[in-house]
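A short worksheet on the structure shown next.
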Amino acid sequence: MRKTLRTTVAVGLAVLASGTATHFTAASFPSDDRTIVHVLNRAGFGPRAGDVAAVRAIGLQRYIEQQLQPDQIADAGVAGRLSGLTTIGMSSREIAERFEIPQLRMRQERKLQAARSGSENQPAPPPRATPEMQQRANQVVQDLAQQKLIRAIYSERQLQEVLTDFWFNHFNVDARKGRVRFMLTEYERDAIRPHVLGRFSDLLEATARSPAMLFYLDNWQSAAPNSPDIDAAAARRRQALGRRPGRGRALGQPLPAAPAQQPVNRPRRGLNENYGRELMELHTLGVDGGYTQQDVTEVARAFTGWTIENPRQGAGYRFDPRLHDDGEKVVLGHRIKAGGGERDGIEVLDLLSRHPSTARFIATKLVRRFVSDTPPPALVERAAGRFRQTDGDLREVMRTILTSPEFLSVEAYRAKVKTPFEFMVSTIRATGAEVQDGLPLVRAMQQLGMPLYACQPPTGYRDTADVWMNTGALVSRMNIALSVAANQMRGVSIASQSLPTDSRGVAEVILNGDVSEATLATIAKATTAPQMLALAVGAPEFQRR
């Protein structure tokens, strides 16, 4: 079996590196069922048993149209599967009250006890977080990660789940930065998910106002350099966080010991350009979108005063005019009059969301995700044109992409390598596994190198082959496949009678019959049904979508 697995990984690397499945040529363009499988792999997370027949019955065009209208798709079964995840329906305030504030009180008490136990000459070290404290701190993100996996596996609204994943990466925040983990649930649920098929401008504004984004990119601390209230406001923010000036700290890490003497003159807080830069480079215009460093500074000035009411208590966005730079600004040649207050930021968002560079940048990213790592220029132009014509209507942009000849072409068929998230979800869907506990899947995502909600850079996780195509990744995927197939992953089970026990039958179910002779021969070498299943899931055909 080990030799068979090594052969599978070696063949898989060769096929993935080639950029195409070895047995496809222009003359063997996929049949109607193959086209359905292609759409299910791109507009969703891969077919389950019976999905191809169901789409065939209603027609591919109607299926795509249904997916573009997710609110009209019945999806009651998912709610029951999510019922045990207690935090996913909570507000950030409720999460803070139940999970963060009690820990902070406990940590402060431990700190005081440690200080009392130390001598004047040898201060006691700061208290470390207990396992119980860390576990409670992690529960919110663990619940959120489980719901992400469960929705992707079981939801009938597959396109909505794909786009929620896409747009979260586009507007990425890292759960490990300070308070973000307690703001994350509300961020994905209320800022991202409702807008993935709406207007881009609404999505952009929702993320700009989100406490998670304000905290992650430090805009909540940004203030006009000459603001008369800046020192008092900074002191209030530090008091709200219960810490001194400094970089964010992941919950559970010890607070530093108090210095023997406070400096007389603290550095003044001022303009923070992090959000202004990422807003243009990553969220709208793109790195080649035509902006300058002066534009970054002007945008940062426009967003001074966009802050958080009280981060520690889970409060929401508010505009603080005391911190705002109310002077005139010029962004991309557009003059913003003095005295606009909060409206300055809104004017910048409107300007950026309607800029031609934004239309092209967003269209390129969507075409790259749904069609090819090398986006066809003609389709990018049509999608960008539709973006401009409809004032950023993302549903119309997606309709343009999903009904395009490029999307349904032979060149697009299996042209994308699955990310670890896509691999994990499609494995559970293809095998018909039942998930009683999603936490082992969350941990498996860490083994695959893609821990959910824990991508540090604001770029988010990439979805191109060069990031995920290597020997170590394929070995990890094979190990996960073996664990699932042999019912060795706790909380995940496959009914033995639900799958065939011969190699061709397994290839038909897992790979929809679209399999090379080399892969079929490899599967046939397995000595048990779980091994056959694992080899099918580990096959190069299954690694592509």
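Report the full-extension gain for the segment residue 293 to residue 342: residue separation times 0.36 nm, less the Cα-Cα distance, to one decimal in nm.
Full-extension gain reported as 15.4 nm.
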Query raised in the report: Excluding residue 442 itself, what net charge comes from residues whose Cβ is under 11 Å from its Cβ, given Lys and Arg +1 and Asp and Glu -1?
Result: 0
Report task. Working with all protein chains in place, sort 381, 161 by solvent-accessible area computed with a 1.4 Å probe, largest first. Result -> 381, 161
Report summary line: Counting only residues 5 or more apart in sequence or on a different chain, those whose built amide H sits under 5 Å from that of residue 336 are 329, 330, 331
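Can you tell me the FRET efficiency between residue 475 and residue 56 if r is taken as the Cβ-Cβ distance and R0 is 25 Å, rounded to the nearest 0.05? The partial results should precede the final answer.
Numbers: r = 36 Å, r/R0 = 1.45.
FRET efficiency, residue 475 to residue 56: 0.10.
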**Report entry** Distance (nanometres) between label positions extended 7 Å along Cα→Cβ at residue 508 and residue 91
**Finding:** 5.5 nm
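Around residue 215, with a cut-off of 9 angstrom between Cβ atoms, what is the net charge of the other residues, counting Lys and Arg +1 and Asp and Glu -1?
Details: positive: 177, 179; negative: 218.
Around residue 215, the surrounding residues sum to +1.
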Report summary line: Using a 1.4 Å probe on heavy atoms of the protein chains only, the accessible area for residue 354 in Å², nearest 10, reads 130 Å²
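For residue 439 and residue 112 in one chain, what is 0.36 nm times their gap in residues minus the Cα-Cα distance, to one decimal in nm? Intermediate results must be reported in sequence, preceding the final value.
Working: separation 327, 0.36 × 327 = 117.72 nm, distance 3.53 nm.
Length gained, residue 439 through residue 112: 114.2 nm.
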Requested in this report: Give me the number: length gained by fully extending residue 330 to residue 74, i.e. 0.36 nm times residue separation minus the C-alpha to C-alpha distance, one decimal in nm.
Outcome: 87.4 nm
Query raised in the report: Quick one: if the Förster radius is 35 Å, what FRET efficiency do residue 464 and residue 389 give, using the C-beta to C-beta distance and rounding to 0.05?
Result: 0.80
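Under a Cβ-Cβ cut-off of 12 Å, what is the net charge of the residues other than residue 290 that fall near it, where Lys and Arg count +1 and Asp and Glu count -1? Don't jump to the answer; show the numbers that get you there.
Details: positive: 360; negative: 281, 288, 295.
So the environment of residue 290 carries a net charge of -2.
Which entries in 416/525; 177/365; 365/416 show an alpha-carbon gap greater than 21 Å? The partial results should precede the final answer.
Values: 416/525 28 Å; 177/365 26 Å; 365/416 14 Å.
In this structure, 416/525; 177/365 lie more than 21 Å apart at Cα.
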**Report entry** Per-pair calculated FRET efficiency, R0 = 41 Å: residue 454 and residue 226 via Cβ, rounded to 0.05
**Finding:** 0.60
Query - Amide hydrogen neighbours beyond the local backbone of residue 306, cut-off 5 Å, H modeled - result: 320
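The values are calculated or read from the model by the stated rules, or taken from the named source; none is laboratory data. Values in this document were obtained by computation on a predicted structure and should not be read as measured data. Heads up, the Cβs are rebuilt from the backbone with ideal geometry, glycines too, and the neighbour counts pull from every protein chain shown. We work out accessible area using only protein heavy atoms, side chains counted, and drop any ligands, DNA or RNA first. Shrake-Rupley method; radii C 1.70, N 1.55, O 1.52, S 1.80 Å.
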